[in-house]
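J.: Mind looking over this structure? Questions follow.
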Amino acid sequence: MAMTMTAEVQLPASREVVWGKLNDPEVLKACIPGCEELNKTSDTEFQAVAVT
């Protein structure tokens, strides 16, 4: 299943810092309710296990 998200938000951090956090599995896992596991499988993909 693919997930597509769109939004615009201004953050008080550099692009490099934000991009690094968006690509950090532990940071993303903490932001997803019910996420038990999140693994980066490539430069453009993650695999997740989440429960409701």
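Taken together, the values in this text are just the output of simple stated rules run on the coordinates, not laboratory data. Just so you know, these numbers come straight off a predicted model, no measurement behind them. Note that each Cβ is placed from the backbone with ideal geometry, even for glycine, and that neighbours are counted across all protein chains shown.
J.: Just to be sure, is C35 surrounded by 10 or more Cβ atoms within 10 Å (Cβ to Cβ) and touching a helix residue (DSSP H, G or I) at 6+ places or on another chain (Cβ under 7 Å)? I'd like the intermediate steps shown before the answer.
T.: On the way: surrounded by 10 or more Cβ atoms within 10 Å (Cβ to Cβ): yes; touching a helix residue (DSSP H, G or I) at 6+ places or on another chain (Cβ under 7 Å): yes.
When the stated conditions are applied, C35 passes them.
J.: Would you point out the residue of the range 1-40, among those that are among the small types (G, A, S) and in a loop (DSSP other than H, G, I, E, B), that is farthest from T52 (Cα to Cα)?
T.: Step one: of the range 1-40, the residues among the small types (G, A, S) are 2, 7, 13-14, 20, 30, 34.
Pick out the ones that are also in a loop (DSSP other than H, G, I, E, B) and you get 2, 7, 13-14, 34.
On the way: A2: 18, A7: 24, A13: 32, S14: 34, G34: 6 Å.
Among those residues, the one meeting the criterion is S14.
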